[in-house]
Each structure stands twice: as structure tokens, then as C-alpha cells.
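Structure first, commentary second.
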Amino acid sequence: MFVAAEDVQVDKPDPRGYRLGRKCLELGNSTSISVLQDAPLRIRAGKAAGFEVLAVNTTHSLDTLQETSPYWITKDLSSVTVTGVDKNGRVQIEVMNALTWAYAFINGCFIRRR
């Protein structure tokens with residue numbers, strides 16, 4: 001499923017795009033969602049929508065990303081691996097080479113750091 005700029009009236013950092021995605025997927029407000037982003041406006045939009053954000057340090061400086069206070073910052077997408085899906089459908093990920101982190105749990109799943 002894709003939510004494009006044409007689907008919402010206001011662009012990021014407004015959270016409406018993320019909220020529309022949650023609604024279209026029928027996830028409800030009780031479901032915790034993580035998003036991966038590389039730009040400060042997108043990180044802020046994800047956080048404003050109530051999502052846990054893992055920032056990818058590919059297009060902006062580490063200092064710039066840290067100013068947005070994401071849960072994690074990682075070097076690039078090669079640092080993120082899907083390791084499984086639990087019986088409730090929650091995706092489990094492993095983050096390697098984390099540059100910074102705020103929590104050891106995302107979506108109720110333990111994230112191992114190497």
C-alpha cells in the first residue's frame with residue numbers, strides 16, 4: 001500500500017499521510033508501528049503520528065538527525081535486518097551498527113544491538 005502526496009492535503013511534517021496509512025491498513029490506534037526515515041521532516045511526521053521512528057543516516061548529518069530525537073539512528077538500511085515475525089504478526093528486526101538509540105524495545109520486541 002502506498003500513500004502519496006496526492007492522497008493528503010498537507011505534506012510532511014504534517015502526520016496525516018501516516019495516519020491515512022494506518023487507517024487504510026485498519027491497524028487502529030492501539031497498534032504500535034515503526035517507520036524508517038532519512039529526512040528530518042519525515043522523522044517529525046512519523047513521530048507526530050505516534051509512530052516509533054528509526055532514522056537512517058544516509059542523506060543528512062548525524063547531528064541533524066539527532067535534533068529530531070528518533071528512537072534509533074543507524075548508518076544505512078544494510079544495518080537493519082528482519083529476523084522474524086511473532087505469532088501476533090509483529091515484525092522482529094535486528095539493528096546492527098546503531099549510531100544512537102533511545103530504547104531497547106520497539107513494537108514490544110527486543111531489538112538486539114551488535
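Just a few scattered comments:
- Residues in region 83-101 that are over 16 Å from Q37 (Cα atoms) and within 15 Å of the chain's Cα centre (by Cα) were compared, and the one that is modelled with the lowest pLDDT is R90.
- Residue in region 25-35 that is at pLDDT 85 or above, in contact with a helix residue (DSSP H, G or I) (Cβ under 7 Å, 6 or more places away or on another chain) and not in a loop (DSSP other than H, G, I, E, B) present: no
- Close Cβ contacts (under 8 Å, 6 or more residues apart or on different chains) running from residues in region 1-19 that are charged (D, E, K, R) to residues that are surrounded by fewer than 17 Cβ atoms within 10 Å (Cβ to Cβ) comprise D7/L20; D11/A5; K12/L41; D14/A48; R16/Q9; R16/V10.
- Residue pairs meeting the criteria (Cβ under 7 Å; at least 6 apart or on separate chains; first over 23 Å from R90 (Cβ atoms), in region 37-55; second outside any strand (DSSP E or B) and modelled with pLDDT under 90): L41/K12; L41/P13; R44/P13
- Within region 56-76, tally of residues that are assigned to a loop (DSSP other than H, G, I, E, B) and in contact (Cβ under 8 Å) with a residue 12 or more places away in the chain: 11
- Every pair of residues 6+ apart whose Cβ atoms lie under 7 Å, when the first sits in region 77-91 and is over 16 Å from A55 (Cα atoms) while the second is part of a loop (DSSP other than H, G, I, E, B): R90/N107; R90/G108
- In region 1-24, the qualifying residues are those that are touching a Gly at 6+ places or on another chain (Cβ under 9 Å) and either assigned to a helix (DSSP H, G or I) or small (G, A, S) (or both), and the one that is surrounded by the most Cβ atoms within 10 Å (Cβ to Cβ) is Y18.
The values are calculated or read from the model by the stated rules, or taken from the named source; none is laboratory data. It should be emphasised that the depicted structure is a prediction, and the values quoted were computed from it without experimental measurement. Because the Cβ atoms are built from the backbone with ideal geometry, glycine has one as well, and the counts that use them run over all protein chains shown.
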